[in-house]
1. Using only the Cα atoms of the stretch 139-236, build the gyration tensor, take square roots of its eigenvalues as a ≥ b ≥ c, and label the shape rounded, prolate or oblate: rounded if a/c is under 1.5, else prolate if a/b is larger than b/c, else oblate.
2. What shape does the stretch 33-82 have by the C-alpha gyration tensor, where a ≥ b ≥ c are the square roots of the eigenvalues, rounded means a/c under 1.5, and otherwise prolate means a/b greater than b/c and oblate the rest?
3. Which parts of the stretch 137-172 would a label at ASN220 reach, counting a residue when its backbone N lies under 12 Å from a point 7 Å out along Cα-to-Cβ?
4. Under a Cβ-only charge scheme (Lys and Arg +1, Asp and Glu -1), can you give me the dipole magnitude of the chain about the Cα centre, in debye to the nearest 20?
5. Does the stretch 94-163 come out rounded, prolate or oblate, given a ≥ b ≥ c as the square roots of the eigenvalues of its C-alpha gyration tensor, rounded meaning a/c under 1.5 and, failing that, prolate meaning a/b above b/c?
6. What does the chain give for Rg and for Dmax, in Å, if only its C-alpha atoms count?
7. Taking 8 Å as the Cα distance limit and 6 or more residues as the minimum spacing, I'd like the relative contact order of the chain as a percentage.
8. Expressed as a whole number of Å, what is the distance separating the alpha-carbon centroids of the stretch 44-82 and the stretch 100-150?
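The values are calculated or read from the model by the stated rules, or taken from the named source; none is laboratory data. Worth saying up front: this structure is predicted, and the values here are computed from it rather than measured. All Cβ positions, even for glycine, are placed from backbone atoms using ideal geometry, and neighbour counts span all protein chains on display. Side chains included, ligands, DNA and RNA excluded: accessible areas come from the protein's heavy atoms. Shrake-Rupley method; radii C 1.70, N 1.55, O 1.52, S 1.80 Å.
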Amino acid sequence: MSIHIEAKQGQIADKILLPGDPLRAKFIAENFLEDAECFNTVRNMFGYTGTYKGHRVSVMGTGMGMPSISIYARELIVDYGVKKLIRVGTAGSINPDVHVRELVLAQAAATNSNIIRNDWPEYDLPQIADFALLDKAYHIAKELGMTTHVGNVLSSDIFYSNMAGRNIALGKLGVHAIEMEAAALYYLAAQHGVQALGIMTISDSLVNPEEDTTAEERQNTFTDMMKVGLETLIAE
Ligand code: HPA
């Protein structure tokens with residue numbers, strides 16, 4: 001057991017998919033994994049281990065925001081030996097060329113959080129994805145026919161920001177989308193020498209606010225993203 005996860009040693013696979021929403025973790029376990037068993041119910045942050053195409057994989061919610069994902073990802077890495085972590089989530093587009101339902105692979109994550117600055121006040125330390133995972137995910141997404149953007153995202157501490165204009169201005173520097181977890185996940189992976197990647201589908205656009213999705217469209221995009229995440233996790 002760790003402080004926030006009640007799994008016994010060995011119950012969590014060394015590869016894990018990390019949606020923000022614990023009910024999405026349950027959905028993935030029920031719809032994509034075989035013989036899935038729940039390993040965590042503490043704080044309803046459900047986690048499951050099963051098999052995908054014969055490979056042992058886990059899936060667990062992280063909650064929203066960098067403090068929450070940092071707690072779970074650190075315990076998964078340090079206390080349970082997880083080596084490959086793929087966040088699967090949603091993001092808001094801040095770039096007119098990035099549209100709802102499209103996929104963003106976070107090659108890097110800028111952040112307004114103190115989570116890195118706290119340790120490295122005099123440095124701007126880029127938070128980057130694991131290249132092997134990024135490369136695999138890109139080719140898998142392309143094979144699935146998904147419109148896929150690769151580049152910077154902004155990991156923000158603030159969903160309801162009073163400075164939305166500044167975030168949107170980052171879109172003009174080529175930052176694709178805003179979300180709330182990738183930078184912290186990448187920093188933890190760097191600290192512990194493990195592999196991490198953030199895959200996001202665009203759920204809303206801050207620059208094309210008229211763009212909208214139906215629940216069914218969101219579900220289909222979500223399903224495609226899960227396939228990219230799972231296929232990337234098991235790729236050799
Ligand atoms: N901001 C931050 N995180 C998000 C957004 C957003 O607009 N959309 C989805 N995740």
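1. On the way: a/c = 2.03, a/b = 1.15, b/c = 1.76.
Oblate.
2. Details: a/c = 2.27, a/b = 1.69, b/c = 1.35.
In terms of gyration-tensor shape, prolate.
3. none
4. Details: 19 positive and 29 negative charges, 76 e Å.
That gives a dipole near 360 debye.
5. Numbers: a/c = 3.43, a/b = 1.52, b/c = 2.26.
Oblate shape, in that a/c is at least 1.5 and b/c is the bigger or equal ratio.
6. 16.6, 49
7. Details: 512 pairs, mean separation 60.0, N = 236.
Contact order relative to length: 25 percent.
8. So the two Cα centres are separated by 19 Å.
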